[in-house]
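Report on one structure; see the data block that follows.
Laboratory data are not the source of any read-out in this text; all were calculated from the coordinates shown. Quick caveat: nothing in here was measured; it's all calculated off a predicted structure. Glycine gets a Cβ as well: all are built from the backbone with ideal geometry, and neighbour counts include every protein chain shown.
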Amino acid sequence: TVADYWFSHYSHNSGLDCKHCSKAQRQKCKENYLYTECPKAIKLESLDKPIIDSEGHTTELGELIADDKALDLEAWVDARTFLLGFPQRLLAIAHKLENGDVLTPYDRLYLCRFRKREQKALFQ
């Protein structure tokens, strides 16, 4: 039936089907034939869609997506500056973890204390 087609269509394309809707919503869709306008369906945007920024310039949505391979020089300089002032013992522990080496009990204690000290309080 037509309803089965739309159920499977939205199930495949948006991860939703009419099982997620209330009985009243399903009845409304059936009466008004609103299967193509499912209120819970995820609306997809085109990457070619023009976006206007705060300065009035028009850019395509696809150009605003961050490139994983782009080099962020500011973050790189900040990281180098951060590592210069970072405790050397903690760097050694990080290298051990990266290499898959087992931490000594003292290393675990040091790491735990550092994490507790640096953890930001959620409530004040």
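Here are some notes:
- Other residues lying with their Cβ under 12 Å from the Cβ of R89 contribute a combined charge of +1, Lys and Arg counting +1, Asp and Glu -1.
- Label point distance in nm, D4-Y106, each placed 7 Å from Cα along Cα→Cβ: 7.2 nm
- Assuming charge only on the beta carbon of Lys and Arg (+1) and of Asp and Glu (-1), the dipole of segment 73-118 about its Cα centre is about 300 debye to the nearest 20.
- In plain terms, the chain from K23 to F114 could stretch by 27.4 nm, reckoned as 0.36 nm per residue minus the Cα-Cα distance.
- Residue-wise HN-Hα coupling along segment 80-87, computed from phi with Karplus coefficients 6.51, -1.76, 1.60 (Hz; x: Gly, Pro): 5, 5, 4, 5, 5, x, 7, x
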